[in-house]
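Just below is one structure, and these are the notes that go with it.
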Amino acid sequence: MSGVLVMAFDSSQQALRAEMLLEEQDIAFDMIPTPGAITAGCALSLSFSTEELERVMAVVQKEHIEIRGIFRAGDSSGEGSFEQLV
């Protein structure tokens, strides 16, 4: 399984905390605007490759990061619907 996943948050504080913690673990990601198809309380999301999912989830769980969810785009453009994985 390859592709890009999006982690959404309900607060900017949690998004910025996740950014800092993922950087400390050398996990590759990008800070992006939350896609319109994802309902979240925060305008910031993190995108990362599916290959990093296990490492990202380990950080989220260990550090008790509050996330809205992790989503996969329903199509390759990343503009359509999103399926919630976590």
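Checked against the criterion of being touching a helix residue (DSSP H, G or I) at 6+ places or on another chain (Cβ under 9 Å) and either open to solvent by 50 Å² or more (accessible area, probe 1.4 Å) or without any contact (Cβ under 8 Å) to a residue 24 or more places away in the chain (or both), the stretch 74-83 has no qualifying residue. Looking at the stretch 30-55, which of its residues are farther than 15 Å from residue 73 by Cβ, in contact with a helix residue (DSSP H, G or I) (Cβ under 7 Å, 6 or more places away or on another chain) and touching a residue at least 24 places away in the same chain (Cβ under 8 Å)? Passing the criteria: 42, 44. Looking across the stretch 1-24, the residues that are in contact (Cβ under 8 Å) with a residue 24 or more places away in the chain and not hydrophobic (A, V, I, L, M, F, W, C) come down to 2, 3, 10, 11, 12, 14, 17, 19.
If you go through the stretch 27-66 and keep only what is more than 20 Å from residue 3 (Cα to Cα) and open to solvent by 30 Å² or more (accessible area, probe 1.4 Å), you end up with 39, 40, 41, 43, 61, 62, 63, 64, 66.
The values are calculated or read from the model by the stated rules, or taken from the named source; none is laboratory data. No experiment lies behind these values; they were computed from the predicted model shown. Quick reminder, even Gly has a Cβ in these numbers, built from the backbone with ideal geometry, and neighbours come from all protein chains shown. Side chains included, ligands, DNA and RNA excluded: accessible areas come from the protein's heavy atoms. Shrake-Rupley method; radii C 1.70, N 1.55, O 1.52, S 1.80 Å.
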